[in-house]
Amino acid sequence: MLRNNDQKAAELVINILEENEPQVMVLEKKRSNVVNTAIAGGGGEGHSQVTLAKKNERSTLEEAQSIIEEDKLVLHAIQELKRRPWPKMLPPIQVLPSSPDACAEATHTPKVAILFLTRGNLFHEPSWKEWFRSAAGVLPAENAALQNTDAGRNLCSSNNSNINSIHDTDIIASQHLFNVYIHAPPSFNESELSPLWKNHMIQNRLNPTWGSADLVQATRFLLWEAFRDPSNQRFILLSESDLPLFHPLVLYQQIMGEEKSRTNAWPRHFSQLDTWRWTWRMAMPPHNILQSLWRKSGQFFSLIRSHAELVLRDNDVFRGFQEYCKSGWDDDYKRWRDCYSDEHYIPTLLAMHRRENETLQEVGSVTFADWTQGGAHPRDYTKDDVSVDLFGGKLGIDEACLTPNLDRNILLEEVEKTFIRIDEMENLGNDVDSCKEEEGEDGCVEKQRARVEFLRGFLSLQAQAPPLKSTCFVTTRKFGPGTVDSMLDDVFLQCDNNGLSLLNKDVCERAVAGRIEQQRWAALAAMERAS
């Protein structure tokens, strides 16, 4: 128990902080002989606890007051005591011994982890469902052929049942190019998720507020979960209002073909970096965030695996953002200081590790958003905005993106040549012993010769990857719940050559037929109710 004076000192420190919070600077351990703060987290459930330690049993009210007046600082996080508990910490990195996807593991197929940072359900399930269905049943030809064994063929073939008859909850698992991870607030129950997204919610979750460092921590939790699967080699962050701008094979080939992260960690003019959001407090140990290394980029990134690992191993830089990247009056600078960690943390961290040359300068995001209307948020599209024309040419898809004279249909045809259907892998057997048993020695030689010719063909095509310019966005936002039906009917299910080739033609036509049948039954039900 604290003595009476100690308790008063603690209360005074807290009151001063509440009244003058912007002028308080954290300087860890410097004054621990008088005021020592300890924070105990309860897995996100407990409350922060503050204890005053005493110097020679003589800590007094006056000593606590003098610390505030002389140094304008107290130890770590007292200002958080009455506001909220600190978020859960990031667990140590874990990597599984092998990928849960047996087919991807057997063929050494690298995957793209799609990380959804959401406020609840992902309402564009109808469009995403057909998009993932169009990725099913194929593998990159390089992996399917070069790593092809009897065991690999069997593992992949057993997962390659009729794609169109797969239940919604199994569609994502039926393809081997993408993994999906979802973060929603803890108050959102996983049972409320649409069937496509079930079993993809991560366990560690927060209730982040807009512009706060909790958004970054929630993103780190998504990265942590995705990093566990060694097959995940690229990590892209999206929201519930995001949609793909290209067919899954094109998007996969583009992201996997880019050897750099889509977050801009390069130095630029200070006006482009919002350096006024930085504060000298960030430069203090252990954070060491210098103004010269302050960077800004889009929130929705694509990261290579080594950069994801860097984020997961960091603690000190994130704590600096958590403590000082906040919006409010800054008494040090005598002005209001806005700061949004989601725009600065990752590019700044990469710059601090001298990894800016491993990021793309041309575009700092995977996602197009329309900021032309000004303000703190991009444009919200309505159902009246949704059209093939919008998706085809007004969402960052222009001559600066697509290769000249290359339309989407031709683009998809070229990309498809670098993939192989799993049911065709049987024609590429390379286990010599089993080949001789099945085909005889002469037949086996012919089979191997055919395989060599095939490999030469696709290897020449690989030189064309990635298929798009790095200035090309591959997803777009913000399309709210009111655009779900128009997005599906007017964009994704346009199956003719005037469409955008977002889906396989057979998948698209089957979905259209199902949609017509669904609407017919809805009309009949309405007639019955009316009668």
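Any read-out appearing in this document is the output of simple, stated calculations on the displayed coordinates, not a laboratory observation. These numbers come from a predicted model, not from an experiment. Please note: Cβ atoms are built from the backbone with ideal geometry, for glycine as well, and neighbour counts cover all protein chains shown.
A compact table of results
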{"read-out": "Packing rank of 357-363, 379-385, 259-265, where each peptide gets the mean count of other beta carbons within 10 Å, highest leading", "value": "259-265, 357-363, 379-385"}
{"read-out": "Derived scalar couplings ³J(HN,Hα) [the stretch 179-185; Karplus, 6.51 cos²θ - 1.76 cosθ + 1.60; whole Hz; x for Gly, Pro]", "value": "10, 10, 9, 10, 10, 10, x"}
{"read-out": "Long-range amide H partners of Trp266 with built H, under 5 Å", "value": "none"}
{"read-out": "3J(HN,Hα) from dihedral phi, the stretch 505-522, Karplus parametrisation 6.51/-1.76/1.60, rounded to Hz, x for glycine, proline", "value": "4, 5, 5, 4, 5, 5, 5, 4, 4, x, 5, 5, 5, 4, 5, 5, 5, 5"}
{"read-out": "Under-5 Å amide H pairs with Asn179, H placed in peptide plane, nonlocal only", "value": "Val112, Ala113, Ile114"}
{"read-out": "Qualifying chymotrypsin sites (Phe, Trp or Tyr not before Pro) in the stretch 312-363, DSSP loop, other Cβ atoms within 10 Å at most 12", "value": "Tyr333"}
{"read-out": "Listed peptides 298-310, 278-290 by packing density, highest first (mean Cβ within 10 Å)", "value": "298-310, 278-290"}
{"read-out": "Overall form of the stretch 184-229 per C-alpha gyration tensor (a/c, 1.5; a/b vs b/c)", "value": "oblate"}
{"read-out": "Under 5 Å, built H, 5+ apart or other chain: amide partners of Trp329", "value": "Arg337"}
{"read-out": "Length added when fully stretched, Lys198-Ser327, from 0.36 nm per residue minus Cα-Cα", "value": "42.8 nm"}
{"read-out": "Proxy reagent accessibility, fewest Cβ within 10 Å first, across Lys198, Lys334", "value": "Lys334, Lys198"}
{"read-out": "Semi-axes of the equivalent ellipsoid for the stretch 263-365, Cα gyration tensor, largest first, Å", "value": "22, 15, 11"}
{"read-out": "Highest to lowest packing among 503-512, 369-378, scored as the average C-beta count within 10 Å", "value": "503-512, 369-378"}
